[in-house]
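Here the structure comes first, spelled out in structure tokens, and everything after it is commentary.
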């Protein structure tokens with residue numbers, strides 16, 4: 001039997017695949033600490049996680065029978081990949097499966113920022129009719145700067161272009177085969193000319209604090225900043241200063257440096273729209289991600305190892 005440890009919840013359809021597999025035994029163990037996982041992982045052949053569980057070198061080292069790690073999602077920053085590879089453990093993820101959901105969330109943030117929808121909704125629920133406070137801006141003919149134009153960035157660009165926005169892109173490599181109009185520019189030019197700036201990068205040492213005080217000061221005064229990628233890419237203290245000085249008009253953040261112990265001062269700032277890392281949390285996305293990671297892990301185990 002292939003023994004699989006589920007450290008974070010996956011979709012019901014993916015769970016059913018595991019239940020129906022005659023050669024699989026699996027355990028659900030959610031919310032375990034590092035020490036608890038170290039005591040648990042010894043006999044398992046595969047571990048499946050989402051973003052909540054951190055698989056450190058200490059945990060992986062104790063998993064003596066581990067052959068595969070599945071990350072149901074795109075980012076791999078919660079897994080010590082280098083250590084896993086040194087131990088000959090295969091690491092899988094599901095890039096692109098959550099792209100439609102994240103792209104749609106980014107577009108939702110564009111509308112919410114431009115039209116101040118969350119604040120207006122709260123006022124109405126409090127019984128206040130404050131129509132004069134909520135004159136917004138249109139997205140049509142505004143400049144959207146996209147930093148990082150991979151699968152998600154391209155989807156955002158395509159959808160925003162259909163709304164009449166002008167697309168500026170900062171990307172390390174040349175963008176090819178794009179089915180939308182855009183201008184590939186330097187980071188400095190993007191910041192200076194964009195009415196909205198949206199981050200779509202993978203988390204790494206190179207992207208840590210890629211938006212800091214200097215970058216925020218280069219942004220067009222009154223512009224907006226969006227992050228549906230990963231926490232740690234924006235210096236949160238510098239962002240607070242830029243918001244308080246009205247250098248930028250607002251920000252929409254789905255991710256934070258420390259999750260779930262997020263920066264509450266930033267999240268509750270009157271010019272910030274904050275959500276709890278839910279950009280990929282749609283029913284459709286969870287179905288795709290869960291089934292794909294289970295299929296990948298099982299296919300690998302069955303093709304490489306036989307456990308009786």
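The values are calculated or read from the model by the stated rules, or taken from the named source; none is laboratory data. Keep in mind the model is a prediction, meaning the values are calculated, not measured. In this analysis, Cβ positions are derived from the backbone assuming ideal geometry, glycine residues included, and neighbour counts consider all displayed protein chains.
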Residue check for residue 113: exposed (fewer than 15 other Cβ atoms within 10 Å of the Cβ) and part of a helix (DSSP H, G or I): no
In the set 226, 273, 278, 248, the lone residue that is under 20 Å from residue 54 (Cβ atoms) and touching a residue at least 24 places away in the same chain (Cβ under 8 Å) is 278
(message) With the structure loaded, tell me whether residue 255 is more than 27 Å from residue 119 (Cβ to Cβ) and buried (at least 21 other Cβ atoms within 10 Å of the Cβ) or whether it fails that test.
(response) no
Considering region 5-27, residues that are closer than 18 Å to residue 78 by Cβ and not in a loop (DSSP other than H, G, I, E, B), and then whichever is nearest to the chain's Cα centre (by Cα), we arrive at 6
Of the residues in region 150-199 that are part of a loop (DSSP other than H, G, I, E, B) and touching a strand residue (DSSP E or B) at 6+ places or on another chain (Cβ under 6 Å), the one that is modelled with the lowest pLDDT is 175
> Could you say whether any residue in region 76-83 is surrounded by fewer than 17 Cβ atoms within 10 Å (Cβ to Cβ) and either assigned to a strand (DSSP E or B) or assigned by TED's automatic domain parsing to the domain that holds residue 228 (or both)?
Replying inline: no
Filtering region 172-183 for residues that are closer than 21 Å to residue 202 by Cβ and touching a residue at least 24 places away in the same chain (Cβ under 8 Å) leaves a count of 3
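Quick test for you: out of 45, 35, pick the one residue that is closer than 16 Å to residue 85 by Cα and either surrounded by fewer than 14 Cβ atoms within 10 Å (Cβ to Cβ) or touching a residue at least 60 places away in the same chain (Cβ under 8 Å) (or both). Outline the logic, then answer.
On the way: 35 fails: closer than 16 Å to residue 85 by Cα.
Within the list 45, 35, the selection yields 45.
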Among (1) at pLDDT 95 or above; (2) surrounded by 13 or more Cβ atoms within 10 Å (Cβ to Cβ); (3) not in a helix (DSSP H, G or I), residue 129 falls short only on (2)
Across region 261-276, the tally of residues that are farther than 19 Å from residue 155 by Cβ, out of contact with any strand residue (DSSP E or B) (no Cβ under 7 Å at 6 or more places or on another chain) and surrounded by 12 or more Cβ atoms within 10 Å (Cβ to Cβ) stands at 4
The condition of being out of contact with any strand residue (DSSP E or B) (no Cβ under 8 Å at 6 or more places or on another chain), closer than 20 Å to residue 203 by Cβ and not in a helix (DSSP H, G or I) holds, among 96, 88, 31, only for 96
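For residue 65, are the conditions met, namely being in a loop (DSSP other than H, G, I, E, B) and either surrounded by fewer than 20 Cβ atoms within 10 Å (Cβ to Cβ) or assigned by TED's automatic domain parsing to the domain that holds residue 262 (or both)?
The answer is yes for residue 65.
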